[in-house]
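Worksheet: one structure, shown below.
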Amino acid sequence: MTANLLDFDLEGLAAFCEQLGEKRFRAVQLFRWIHQKGASDFAQMTDLARSLRDKLPAVCTITDLPVLSRQDSADGTIKWLFDVGDGNAVETVFIPEDDRGTLCISSQAGCAVGCRFCSTGHQGFSRNLTTGEILAQLWHAEHFLRRHLQRGERVITNVVMMGMGEPLQNYHALVPALRAMLDDHGYGLSRRRVTVSTSGVVPMMDRLAQDCPVALAVSLHAPNDALRNDLVPLNRKYPIAELLDACLRYLPAAPRDFITFEYCMLDGVNDQPEHARELLAVLRQHGERGVPCKVNLIPFNPFPDSGLTCSPRAVVQRFGQMLNEGGVVTTVRKTRGDDIDAACGQLAGDVLDRTNAAQRLAQRRQASERPIRFVQKERQA
């Protein structure tokens, strides 16, 4: 079986070249051709020795992901649907802004966490992506955009691991991909401009701090364990206090001096003034001095069968104002690409539900609705 060179960070590629009897500088040359120039044909790599160029096609490939579809939003957002085999597909989103170009990358086909407000989690989990499948999303998007926009310089300045899947549950494939993104011979991205979003896999947060600390975004979405247990089931294993402890441990290694907390605004669920006050207390009083952080409020992007609706704009603004006035820097995420279902929480692709996620979520909603109806009847009586 031939190796896919997108599966390697620079150290892995150097080890592969050593097996072929080649020196490390050949790996550097290869790495630059692949990631900086977007080459997939070894014959193009003119500064490689001809003997090596002739040897490589028999032992390795540079394998892109097949594109099932590409959609272009009116606001410039682009969404790709990539085929990863066995009926599975993953989505990748490019978001252009005046001062940056951000690529949202998937790490799994589907997701096993099952957050109530996330379309991907609603569809269940199929499998982890390989390092090559993670990197191929960046490789394809970067070099497509250079051709499409007729620009020779870097187009993608920021990468967020916020697409389909929980990145820290695919740790062994994630870290080499991050290292390739950061490598000066690869994409040369700053650690501040590469963000891993997690729902709170505490042990892997600790490992990431040691192995490859990049910016961290934590999907919080609730100010207390009872509510977060319902919205983010992983909270039952790693409750809020443990999660915030892990955030404090991560900060000394982090490229930024704060953690970003994502908070999806759900109408009547987690968006009331009492929730804002409780969230302020949790963030400011945890540990000796609180958790240095910024909060990013995310207007919920509805999808079929979620049973949830987005908080009204005035409610979102009031919530954010309360946090800001309480001393926690808070922003509201601008919705982009919602006309092509590319906004936060909408990515689903064509994944196979092998965990009966849809059935479990429906049962959970029914269980949570029963006591609410019972209380309402009592009050009416």
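The values are calculated or read from the model by the stated rules, or taken from the named source; none is laboratory data. Small disclaimer: the values here were computed from a predicted structure and weren't measured. Every residue, glycine among them, receives a Cβ derived from its backbone with ideal geometry; neighbour counts consider all protein chains shown.
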Name the residue, out of Phe31, Phe94, that is under 21 Å from Ala173 (Cβ atoms), in contact (Cβ under 8 Å) with a residue 60 or more places away in the chain and aromatic (Phe, Trp, Tyr).
Phe31
If you check Asp183, Asp225, which single one turns out to be touching a residue at least 24 places away in the same chain (Cβ under 8 Å) and over 14 Å from the mean Cα position of the chain (by Cα)?
Asp183
Residue under question is Arg32, and the condition is that it be surrounded by fewer than 16 Cβ atoms within 10 Å (Cβ to Cβ) and either more than 23 Å from Pro176 (Cβ to Cβ) or out of contact with any strand residue (DSSP E or B) (no Cβ under 7 Å at 6 or more places or on another chain) (or both); does it hold?
no
Specify the residue that is nearest to the chain's Cα centre (by Cα); the eligible residues are those in segment 228-256 that are of a type in the set (Gly, Ala, Ser), part of a helix (DSSP H, G or I) and farther than 14 Å from Leu168 by Cα.
Ala253
If I ask for residues that are of a type in the set (Ser, Thr, Tyr) and at pLDDT 95 or above, which ones from segment 285-328 would you list?
Ser311
